[in-house]
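The values are calculated or read from the model by the stated rules, or taken from the named source; none is laboratory data. Keep in mind the model is a prediction, meaning the values are calculated, not measured. Note that each Cβ is placed from the backbone with ideal geometry, even for glycine, and that neighbours are counted across all protein chains shown.
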Amino acid sequence: MIIRWVSEDGKRKWIYPVEKDLYSKGRIIKQVSTKAKVIGITKVNIPSPLHPIIPYYVMLLEDKYGNRMPKKTMRECKIGDTYEVKAATTDNAVIITKIKYDVEEYLKESLKLVHAHELEAADKILIKPSIIEAAYAYQAVNTNPKVIDGLISYLREKGIEDIAVGEQAMLGNDVIDAANKAGILDVCKKHNVPFIDLSKAEYAEKTSDGFSFRIAKDAMDRKVINAPVVKTNSQIGISGAMENMIRVTDERTQKKMFEEDIEKSLPKLIKALPEFLTVGDATIGLHAQGPTSLGEPAFLNMLFISKNPVALDSVFAEAGLFKMPQYLKEAAAIGLGSNNARDIEIVGDELEAIKQHLKYPEKDVTSHPHIKLIDGKADPYIFNSALKMTAKLVGLLGYEMWVAIGLHFSEEELAGKNRLVAYGKDAIKRTRELGAKTIAEIPDDIDDMEKIVLLKSVLENKEKRNITAADKLKSKITSIGAKIKGSF
């Protein structure tokens, strides 16, 4: 796709968005081409971090307006060949689009490539972004507000008026605070679109493969456009099309899904939901220690779009050269779609051409270099809480300790972890089942300040072997003192 912004008199062109011609004061005309001719070709045999697979080719394309643009391809082509982006022919196709400058225009053109995705003016639409914690847009933790802006504009052009944006934050966070910091509330106000806190929504029960889900009625009664950030996830490998839909369920369902192994329950949720379109936001993207702000912006400048969430996540895993997440294998096994990228129709940019080595998340990392995590697929509240509490101790010196969370860890994973803390009722239950020796058991239902003080007492004392009554009393006094101070 080649886009240029041209002055009304045709004398000036820009490769980036321009709203007004300062020279002639005239209007700007946008030229968009999905078809071009190859007028040059270069073969590259030297790999680089962003282009690890060789050989590849760089075409110089020229469209009907005379606009030119270089384009990477893995296919050997000749000068004079036609390069054209054609629409998808199957529902399982994944559209991959490299973005240059204008998110909205590339988004709109990419949506035209989706197979048989008809929208009517009478449709009721729910846009479901990813807004898990309070973070700025440039941190790539939450969906880019430009993507939401572009989606709403696209729907308005289709004549659709009944549009809502709905999400709930990661358990333990406030979605309004997060949406405000991410800039998404500003987009909703700009378009006069309501923002729905799905944690306060009305829910309906639906059963899939023996699992009962409580799902927000807005996600059942409206056509859903799923708009996740495409990023890594230290618990399940990838946060993408499938993971983002966890938060259309209520808190109790989410906790139950993780308790019964999220990688098996997540495919069952997707099977229970009506079909939805996913616009995967990789305009920045996040890798390394995603899905939270521990991750690193990846600067991918891409969109991944598909009607099949399994296909989209599988293609992203392949694009980042990641190992295939177990939940995608489970999804393929129950017939939700192929997790083999070779079986998936790719439209737009070539999959091989966009592959690069993204950083895969490590499961034991926290904000503190001396506090390691043993994550037994803890529910979002405990996972979020553990990361927050350890972050409060950043800057303090200390000695290596391990914090176990969740239910799904083995005796082997605890082997050699001498300074072990069981955090949350599930981890307490599991460590007791395994007969593991812990320095401390920190339950869910005590105050955050108490949790921090107890963790600090273990972190700073290398010889500590157990939490004493004095430690517990100190944590309570500190917590009460903090509350009294905060009340003035």
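Do we have any residue at all in the stretch 107-117 that's small (Gly, Ala, Ser), at positive phi and surrounded by fewer than 23 Cβ atoms within 10 Å (Cβ to Cβ)?
Within the stretch 107-117, the subset small (Gly, Ala, Ser) is 110, 116.
Okay, now just the ones that are also at positive phi, so 116.
Those left that are additionally surrounded by fewer than 23 Cβ atoms within 10 Å (Cβ to Cβ): 116.
Checked against the condition, which is being small (Gly, Ala, Ser), at positive phi and surrounded by fewer than 23 Cβ atoms within 10 Å (Cβ to Cβ), the stretch 107-117 yields at least one hit.
Run down Ile152, Ile225, Ile176 and say which single residue is more than 17 Å from the chain's Cα centre (by Cα), within 21 Å of Pro291 (Cβ to Cβ), assigned by TED's automatic domain parsing to the domain that holds Ala317 and not charged (D, E, K, R). Lay out the reasoning, then the answer.
Values: Ile152 fails: within 21 Å of Pro291 (Cβ to Cβ); Ile225 fails: more than 17 Å from the chain's Cα centre (by Cα).
Going through Ile152, Ile225, Ile176 in turn, the sole match is Ile176.
Going by the structure shown, is Asp9 farther than 30 Å from Gly337 by Cα, of a type in the set (Asp, Glu) and free of Cβ contacts under 8 Å to residues at least 40 places away in the same chain? Walk me through how you get there before you give the answer.
Values: farther than 30 Å from Gly337 by Cα: yes; of a type in the set (Asp, Glu): yes; free of Cβ contacts under 8 Å to residues at least 40 places away in the same chain: yes.
Judged against the criteria, Asp9 is a match.
Going by what's in this entry, would Ala135 be described as outside any strand (DSSP E or B), touching an Asp or Glu at 6+ places or on another chain (Cβ under 8 Å) and assigned by TED's automatic domain parsing to the domain that holds Pro309? If you could, list the steps in order and put the result at the bottom.
Working: outside any strand (DSSP E or B): yes; touching an Asp or Glu at 6+ places or on another chain (Cβ under 8 Å): no; assigned by TED's automatic domain parsing to the domain that holds Pro309: yes.
No.
Of (1) in contact with a strand residue (DSSP E or B) (Cβ under 9 Å, 6 or more places away or on another chain); (2) over 20 Å from Asn244 (Cα atoms), Ala164 satisfies all except one. Which?
In the conditions (1) in contact with a strand residue (DSSP E or B) (Cβ under 9 Å, 6 or more places away or on another chain); (2) over 20 Å from Asn244 (Cα atoms), Ala164 misses (2) alone.
Residue-by-condition table, conditions (1) more than 24 Å from the chain's Cα centre (by Cα); (2) in a strand (DSSP E or B):
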site	(1), (2)
Met69	yes, yes
Ala87	yes, no
Asp91	no, no
Ala121	yes, no
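Just name the residue that is farthest from Pro52 (Cα to Cα) out of those in the stretch 317-329 that are among the aliphatic types (A, V, I, L, M) and surrounded by fewer than 24 Cβ atoms within 10 Å (Cβ to Cβ).
Ranking the candidates gives Met324 first.
Having 3 or more residues that are closer than 24 Å to Leu387 by Cβ is the bar; report the strands (runs of 3 or more DSSP E) wholly within the stretch 261-377 that clear it. Don't jump to the end; show me each part of the working.
Working: elements: 277-288, 295-297, 302-306, 346-348, 371-376.
Filter on the stretch 261-377 gives 277-288, 295-297, 371-376.
Kindly evaluate Asn466 against the criterion of being surrounded by fewer than 21 Cβ atoms within 10 Å (Cβ to Cβ), of a type outside the set (D, E, K, R) and within 16 Å of Ile371 (Cβ to Cβ).
Working: surrounded by fewer than 21 Cβ atoms within 10 Å (Cβ to Cβ): yes; of a type outside the set (D, E, K, R): yes; within 16 Å of Ile371 (Cβ to Cβ): no.
Criteria not met by Asn466.
Going through Leu473, Leu454 one at a time, which residue ends up being outside the structural domain of Ile236 (by TED's automatic domain parsing), in a helix (DSSP H, G or I) and surrounded by 15 or more Cβ atoms within 10 Å (Cβ to Cβ)? If you could, list the steps in order and put the result at the bottom.
Values: Leu473 fails: surrounded by 15 or more Cβ atoms within 10 Å (Cβ to Cβ).
After applying the criteria, what remains is Leu454.
Step by step: first the residues of the stretch 308-351, then only those that are acidic (Asp, Glu) and in contact with a helix residue (DSSP H, G or I) (Cβ under 8 Å, 6 or more places away or on another chain), then the one that is nearest to Ile238 (Cα to Cα). Which residue is that? Break it down stepwise before answering.
Pass one, the stretch 308-351, residues acidic (Asp, Glu): 313, 318, 330, 343, 345, 349-350.
So of that shortlist, the ones also in contact with a helix residue (DSSP H, G or I) (Cβ under 8 Å, 6 or more places away or on another chain) come out as 313, 318, 330.
Values: Asp313: 7, Glu318: 11, Glu330: 14 Å.
Step by step, filter the stretch 308-351, then rank; the result is Asp313.
Can you pull out the residues in the stretch 347-401 that are in contact with a Ser or Thr (Cβ under 8 Å, 6 or more places away or on another chain) and among the acidic types (Asp, Glu)?
Asp349, Glu350, Glu362, Asp375
Given the structure, is Ser314 buried (at least 20 other Cβ atoms within 10 Å of the Cβ), over 13 Å from the mean Cα position of the chain (by Cα) and modelled with pLDDT of 95 or more?
Details: buried (at least 20 other Cβ atoms within 10 Å of the Cβ): yes; over 13 Å from the mean Cα position of the chain (by Cα): yes; modelled with pLDDT of 95 or more: yes.
Judged against the criteria, Ser314 is a match.
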